[in-house]
């Protein structure tokens, strides 16, 4: 076996190769940032890491070769991160419930749906980020203006999925439930709602992601707390390393949320056939 | 008729569907009268696309006829037929409920307490041979098992009239014969009125007291009616080789063949 055959990318060493790509990019970035001009605009991976350290850990580091100024162990990001996550969860919850209710209502009331149709299309087509100033005006600079912005993002994703989900309930399943004696409320509870929930779950990854985006963008446009606020502050002082550190933290937490959603989805949607799943007898 | 009184009467039923594009309307069923006695097993056979399912939907109250009347145990039918259970041709189980929860569904709709409904559903699952499969979701069951679950779901409500729309047409022949025997056994125990739609002549003769032959569509109507005097209990596989079965089959086929050919010609004409 030659050397190449052993390290060739394959299913076995995929993780190593993925890690390798990251290391190469970081190394190239670090090397490029030895030029002061590039370091000013692009930041330095080591400094970014130092910033993340001082955000999360309470222990400092004395000045050394890598960090001539040392690192302060501030552990001061938790308040900001907590605010951003709180906004995300509130927006996700409110947006999902509103989307679910409106989707169910309009899908089951064809007349209302026909009347509102053009307005829903218009509201969905509108670039909703521009609503941020209006929400800031209405709800102030606290968390609620951010929640409102993120709700507008989440709402339409959930709404359209629920609408679709109710519309696509199999007519046979519906007729069967009616023949078994379901009244309108029972139909809603046992047929329409579960079907709509399945569609909501299929959009959950998107809507959690958008709730996060809405919260951060809202903070970035005007706030006194939150990770978006930290990024805004750093940008104001041309502290590009902190901006990148903020991006790294946001990305990590977006991935974390996505993983969480995946777990919840697998638990609640076990009735759905997954591709390639064999029958477990 | 074996039992006194009629469980289900379709009297002078005509079903005309308006076409979506404003074109000519389509009459699926024309002036059809069909009676099912209490405790009687009646099959309806006819060429594909002749409006058999339309007729069944009318009997279930899912579809209002353009003309004619439906009577259930002598009473005119308004709205859904509450005394009927309907077993559909297509998949009708709720995919998000396990087999047991699906069988419980009708009982829950009726307000039976959960514990009691669960016990009854367990019992029915066992009767259709699915004891121990109650926690499976429909996608984890084979086609035959799903049909058994649907059968248990329909029968758990103990309906006086059972409507079946080609329930076994998607099954392989062995599974199918097993299920036919099981249905006959369950039917013999309770003696409910059954209206059974099929395109399979063998199945119709092997199971029924009476077979009604429908003409090819459009404007389908009954063109023949045959009393099946084969002794019961029957085994659907064995009964097929008896001389009387062969004779009945020939008589029925003589009537049906022309309609099947007519049906094919029409479908080919439509495609052209």
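The values are calculated or read from the model by the stated rules, or taken from the named source; none is laboratory data. All values derive from a computational prediction rather than experimental measurement. Reconstructed Cβ throughout: ideal geometry from the backbone, glycine too, with neighbour counts over all protein chains shown.
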Identity of the residue in the stretch A:11-34, touching a helix residue (DSSP H, G or I) at 6+ places or on another chain (Cβ under 9 Å) and outside any helix (DSSP H, G or I), that ends up farthest from residue A:66 (Cα to Cα):
A:13
If we scan the stretch B:24-33, do we find a residue that is at pLDDT 90 or above, touching a strand residue (DSSP E or B) at 6+ places or on another chain (Cβ under 8 Å) and within 14 Å of chain A (Cβ to nearest Cβ)?
no
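For residue A:201, state whether it is touching a helix residue (DSSP H, G or I) at 6+ places or on another chain (Cβ under 9 Å), within 14 Å of another protein chain (Cβ to nearest Cβ), surrounded by fewer than 21 Cβ atoms within 10 Å (Cβ to Cβ) and in contact (Cβ under 8 Å) with a residue 40 or more places away in the chain.
Values: touching a helix residue (DSSP H, G or I) at 6+ places or on another chain (Cβ under 9 Å): yes; within 14 Å of another protein chain (Cβ to nearest Cβ): yes; surrounded by fewer than 21 Cβ atoms within 10 Å (Cβ to Cβ): yes; in contact (Cβ under 8 Å) with a residue 40 or more places away in the chain: yes.
So residue A:201 passes the test.
Give me the residue from the stretch A:143-194 that is in contact (Cβ under 8 Å) with a residue 12 or more places away in the chain and not in a helix (DSSP H, G or I) and, out of that set, surrounded by the fewest Cβ atoms within 10 Å (Cβ to Cβ).
Result: A:168.
Do we have residue B:20 as within 14 Å of chain A (Cβ to nearest Cβ), surrounded by fewer than 17 Cβ atoms within 10 Å (Cβ to Cβ), modelled with pLDDT under 90 and in a loop (DSSP other than H, G, I, E, B) here? Walk me through how you get there before you give the answer.
Numbers: within 14 Å of chain A (Cβ to nearest Cβ): no; surrounded by fewer than 17 Cβ atoms within 10 Å (Cβ to Cβ): yes; modelled with pLDDT under 90: yes; in a loop (DSSP other than H, G, I, E, B): yes.
For residue B:20, the condition - within 14 Å of chain A (Cβ to nearest Cβ), surrounded by fewer than 17 Cβ atoms within 10 Å (Cβ to Cβ), modelled with pLDDT under 90 and in a loop (DSSP other than H, G, I, E, B) - is not met.
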Can you name the number of the only condition in (1) part of a helix (DSSP H, G or I); (2) surrounded by 18 or more Cβ atoms within 10 Å (Cβ to Cβ); (3) within 14 Å of chain B (Cβ to nearest Cβ) that residue A:207 fails?
(3)
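Would you pick out the residues in the stretch B:91-128 that are over 21 Å from the mean Cα position of the chain (by Cα) and in a loop (DSSP other than H, G, I, E, B)? Give the steps one after another, and end with the answer.
Filtering the stretch B:91-128 down to residues over 21 Å from the mean Cα position of the chain (by Cα) leaves B:95-101, B:104, B:107-123, B:126.
B:95, B:96, B:97, B:98, B:110, B:111, B:112, B:113, listed by residue number.
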Counting only residues that are under 17 Å from the mean Cα position of the chain (by Cα), buried (at least 23 other Cβ atoms within 10 Å of the Cβ) and part of a loop (DSSP other than H, G, I, E, B), how many does the stretch B:209-230 have?
0
Anything in the stretch B:153-196 that is in contact with a helix residue (DSSP H, G or I) (Cβ under 6 Å, 6 or more places away or on another chain), within 12 Å of chain A (Cβ to nearest Cβ) and assigned to a helix (DSSP H, G or I)? List them, or say none.
B:153
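Given the criterion within 13 Å of chain A (Cβ to nearest Cβ), in contact (Cβ under 8 Å) with a residue 12 or more places away in the chain, surrounded by fewer than 21 Cβ atoms within 10 Å (Cβ to Cβ) and at positive phi, identify the matching residue among B:61, B:74, B:111.
Among B:61, B:74, B:111, only B:61 is within 13 Å of chain A (Cβ to nearest Cβ), in contact (Cβ under 8 Å) with a residue 12 or more places away in the chain, surrounded by fewer than 21 Cβ atoms within 10 Å (Cβ to Cβ) and at positive phi.
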Residue within the stretch A:72-91 that is more than 25 Å from residue A:132 (Cβ to Cβ), in contact with a strand residue (DSSP E or B) (Cβ under 8 Å, 6 or more places away or on another chain) and either free of Cβ contacts under 8 Å to residues at least 60 places away in the same chain or not in a helix (DSSP H, G or I) (or both) present:
yes
Kindly establish whether residue A:256 is under 21 Å from residue A:93 (Cα atoms) and surrounded by fewer than 19 Cβ atoms within 10 Å (Cβ to Cβ).
yes
For the stretch A:161-193, how many residues are at the interface with chain B (Cβ under 7 Å from one of its Cβ atoms) and over 22 Å from residue B:147 (Cα atoms)?
1
Go through the stretch B:93-127 and count every residue that is touching a helix residue (DSSP H, G or I) at 6+ places or on another chain (Cβ under 6 Å) and closer than 25 Å to residue B:7 by Cα.
4
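Quick check on this structure: which one of B:257, B:244 is exposed (fewer than 14 other Cβ atoms within 10 Å of the Cβ), at pLDDT 90 or above, on the phi < 0 side of the Ramachandran plot and out of contact with any strand residue (DSSP E or B) (no Cβ under 9 Å at 6 or more places or on another chain)?
On the way: B:257 fails: at pLDDT 90 or above.
None of the others qualify; the one that does is B:244.
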